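Down below is the structure, laid out as structure tokens.
The values are calculated or read from the model by the stated rules, or taken from the named source; none is laboratory data. Just so it is clear, the structure is predicted and the values come from calculations on it, not from any experiment. So basically every Cβ, Gly included, is an ideal-geometry build from the backbone, and we count neighbours across all protein chains shown.
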Amino acid sequence: MTDARAPAPAPRRPNAILRRRRRELALGAALLAALAALPWFISDVYTQNLLILVLLYAGLSQAWNVLGGYCGQVSLGHALYFGLGGYTSTMLLLDLGLPPVFGMVAGGLVGGVGALLVGWPCFRLSGHYYAVATVVVGEIGYLLFINWDFVGGASGLTVPIAGRSWLYLQFGVSKLPWIYVTLGFAAAAWTVAYLVEGSRWGYSWRAVKDDVTAARSLAVRVFPSKMAAAAISGFLTGVGGAIYAQYVGYIDPDSILAGSFSILIALPAVLGGVGTLWGPLLGSAVLIPVSELSRSYLGSSGSGVDLMIYGGLIVAVSLARPAGLVSLFGTRGLAGGRGRG
Amino acid sequence: MAELLEVRELSKRFGGVQANSDISFDVRAGEILGLIGPNGAGKTSLFNAISGEVAPDRGEIRLDGRRISGLGPVAASRAGIARTFQVVRSFDSMTVLENVMVGAFTRAGAARDAMRRAEAVIDTAGLSARIDAPAVSLTPPEKRRLEIARALATEPRVLLLDEMLTGLTPAEARNGVQLVRDLRDRGITIVMVEHVMEVLLPLIDRAVVLNLGRVLTTGLPAEVVRDPEVIRAYLGDRYAQA
């Protein structure tokens, strides 16, 4: 078959894939610079908090996107890896005095291993059966932690005060450093997605998502591909959980392992565009402010109007833009060339 | 010519259906072999066994003397078997180039290398004009070419074509025939399943005729079409007497 490669095609301009990737990298760098400058113009704590949450969920949702978007394995149990990351870093800080900057990495590793352990049995299921299994596994994790006294049971864990320190991710009342912590997290998650998208893994994942039989016939190893996506996704989600735990200063199963987190992590990517580089950030930038604003203006006590607006928005977007918000921008650069992504 | 692919006493049952029973034949290096037979003869099932998608119940398939049966599609692909599907299976969220790159990663480690190899085989398959088009936007004959390009990207020794000419207009079918000849000239051994006899017979070197899961006869295309057994299988007893 060596003949099929020759003659080499005549030299031509960089192909569409390379051009698109260059464009996306440039856009990413520009956006990172803009977001890094943004805190200079935001002084009120409410808006700062909003920005922190947008960035945190952009990163978490990008982590979810690696497995649920690119690889097409819709997980509704990511709260488990999120919680594992938060509990790991907090326990390491409480029991061993390990600073959360390192605990974050440990939390990521535990999250990644957790995702592998869940993936081992669950990836034998496909489609909806896989999604349902992840819901169940997430609930099991939640119940285990509620009844596990070693990690505080239902009463949870409080992060001890350690003074102002980047090592301990504690900054007194100042929210400014948190913007940079979460920006770093979101940028790291984006970079990972960017790198794997252009690699052999990225192609394998998308092939697995589109047609497993055809993928196998081209020597794509389906199960290892899914496991690799799960490990990366679980790691990043665990890191996000550790950051979240330090940010809020207190965790219990309801505040970090509840099934609602699994939905919150998946939704920005789904709304913004699954399997695209920009979907998670775009979805988060729309969803989080809508959710926070409707809650603060309409009140969350009993009326539930905020949730109706939130749900209505999701329905509206999925009806009008089934491929997600990224498709609004039309350019194949932003949509990542995935029409049905 | 040497035997490149050997199928030996292969049997496969799906529930109550004996899809293949005791199938034996050889594919010689560099030939175009046609697998023909009426519907339900077991042609696609045999393809699935050779490409590793299903494991045979009994029997063996060897490529260049080494057993590939029962090792799965990944091992078969790595050994040098590639296939297209009766119902086209393109990766619809990807462009043509991205589709073919999935196949090219079989032999390439780096993305740039896979891209270069993919561009070359897309050229071979005559799809260069559509290289950046989303796979969903291709016409049916273009999709067939996409599948062939993707298969070529794995650098196969044996290419299995499952009804690649079915559903094409006569002009498209002629282009397809020319492509198959070109591939053979590049040293790829071809096994094809086809319903369109008048297109297939002049193209193939030898034919293996299947009926009801068994090999009815093997031989030159001109011989097998005169074989009374073959005529009976296709048209019924009355015509075989005539």
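Among the residues of the stretch B:32-42, those identified as more than 11 Å from residue B:191 (Cα to Cα) and surrounded by 21 or more Cβ atoms within 10 Å (Cβ to Cβ) are B:37, B:41, B:42. If the condition is being under 20 Å from the mean Cα position of the chain (by Cα) and aromatic (Phe, Trp, Tyr), then the stretch A:110-162 contributes A:123, A:130, A:142. Of the listed requirements (1) more than 13 Å from the chain's Cα centre (by Cα); (2) under 22 Å from residue A:81 (Cβ atoms); (3) within 14 Å of another protein chain (Cβ to nearest Cβ), residue A:216 misses just one: (2).
Residue count for the stretch A:276-292, restricted to those that are within 12 Å of the chain's Cα centre (by Cα), over 15 Å from residue A:318 (Cβ atoms) and among the small types (Gly, Ala, Ser): 1.
Helices (runs of 4 or more DSSP H) fully within the stretch A:161-260 that include at least 3 residues being of a type in the set (S, T, N, Q) and at pLDDT 95 or above: A:222-248. Selection of the stretch A:182-197 for residues being surrounded by fewer than 19 Cβ atoms within 10 Å (Cβ to Cβ) and either within 12 Å of chain B (Cβ to nearest Cβ) or more than 18 Å from the chain's Cα centre (by Cα) (or both) yields only A:195. Among the residues of the stretch B:93-102, at least one is at pLDDT below 95, under 22 Å from residue A:218 (Cβ atoms), buried (at least 20 other Cβ atoms within 10 Å of the Cβ) and small (Gly, Ala, Ser). Any residue in the stretch A:220-241 that is over 30 Å from residue A:159 (Cα atoms) and in contact with a Gly (Cβ under 8 Å, 6 or more places away or on another chain)? Checked the stretch A:220-241: at least one residue is over 30 Å from residue A:159 (Cα atoms) and in contact with a Gly (Cβ under 8 Å, 6 or more places away or on another chain).
Looking only at residues in the stretch B:108-139 that are at the interface with chain A (Cβ under 9 Å from one of its Cβ atoms) and in contact (Cβ under 8 Å) with a residue 40 or more places away in the chain, the one that is farthest from the chain's Cα centre (by Cα) is B:134. With respect to (1) modelled with pLDDT under 95; (2) not in a loop (DSSP other than H, G, I, E, B), the lone exception for residue B:76 is condition (1).
Would you check if residue A:215 is of a type in the set (A, V, I, L, M, F, W, C), crowded, with 22+ Cβ neighbours inside 10 Å and free of Cβ contacts under 8 Å to residues at least 12 places away in the same chain? It is true that residue A:215 is of a type in the set (A, V, I, L, M, F, W, C), crowded, with 22+ Cβ neighbours inside 10 Å and free of Cβ contacts under 8 Å to residues at least 12 places away in the same chain.
The set of residues in the stretch B:86-107 that are at the interface with chain A (Cβ under 7 Å from one of its Cβ atoms) and closer than 15 Å to residue B:154 by Cβ comprises B:89, B:91, B:101, B:102, B:103, B:105, B:106.
Of the residues screened, residue B:144 is one that is outside any loop (DSSP other than H, G, I, E, B), charged (D, E, K, R) and not assigned by TED's automatic domain parsing to the domain that holds residue B:21.
Here's the yes/no breakdown for (1) more than 27 Å from residue A:252 (Cβ to Cβ); (2) assigned to a helix (DSSP H, G or I); (3) touching a helix residue (DSSP H, G or I) at 6+ places or on another chain (Cβ under 7 Å); (4) aromatic (Phe, Trp, Tyr):
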residue	(1), (2), (3), (4)
A:27	yes, yes, no, no
A:31	yes, yes, no, no
A:66	yes, yes, yes, no
A:90	no, yes, yes, no
A:94	no, yes, no, no
A:114	no, yes, yes, no
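Out of B:163, B:142, B:60, one residue alone is more than 12 Å from chain A (Cβ to nearest Cβ) and touching a residue at least 60 places away in the same chain (Cβ under 8 Å). It is B:163. Cβ-Cβ under 7 Å, sequence separation 6+ or interchain: first residue in the stretch A:5-23 and within 10 Å of another protein chain (Cβ to nearest Cβ), partner modelled with pLDDT under 85 and surrounded by 11 or more Cβ atoms within 10 Å (Cβ to Cβ). Which pairs? So the pair list comes out as A:20/A:332; A:20/A:333; A:20/A:337. Contact map, the stretch A:281-292: residues that are farther than 7 Å from residue A:268 by Cα and of a type in the set (D, E, K, R) paired with residues that are assigned to a helix (DSSP H, G or I) and at pLDDT 90 or above, Cβ distance under 6 Å, separation 6+ or inter-chain. Pairs shown: A:292/A:50.
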